[in-house]
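Working notes for the structure below.
Values in this text are rule-based calculations from the coordinates and carry no lab data. Note that the structure is predicted; figures quoted are calculated from it, not measured. Cβ coordinates were reconstructed from backbone atoms using ideal geometry, including for glycine residues, and neighbour counts include every protein chain displayed.
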Amino acid sequence: MHKYKKIAIGAVLGSMAGYAYYYFVGCASGTCAITSSPINSTLYGLFMGGLIGDLFNQSKAKKEEKENGHHS
């Protein structure tokens, strides 16, 4: 579970940021695919936050490999 902690934190923060973007900026015309709906913007933020959280997991894994002398 510890392996997915940063991904989960990123996903939660991303979903909050996605909803905040919808709430404060949104789409006045209603034709925007992502920001016209709170569900779409929240899910998009969740996905992007999870990806960013996963980047932190990957960089940590590469750092540990270098420290242990393993190369890919």
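Before moving on, here are some points about what is shown:
- Among Val12, Val25, the order by Cβ neighbours within 10 angstrom, fewest to most, reads Val25, Val12.
- GNM remark for the chain: springs join alpha carbons under 10 Å apart, and the peak mean-square fluctuation among Ala20, Ala33, Ala11 falls on Ala33.
- Distance between the modelled labels on Ile9 and Met48, one decimal in nanometres: 2.0 nm (7 Å Cα→Cβ projection).
- Structure-based [θ]222 nm, the chain - -39500 (n - 2.57) summed over DSSP H runs of at least 4, per residue, nearest 500: -25000 deg cm²/dmol
- Over the chain, volume per residue of the alpha carbon convex hull, in Å³: 89 Å³
- Burial ordering of Thr31, Thr42, fewest other beta-carbon atoms within 10 Å first: Thr31, Thr42
- Taking 0.36 nm per residue of sequence separation and removing the Cα-Cα distance, the Asn68/Ala33 pair yields an extension gain of 8.0 nm.
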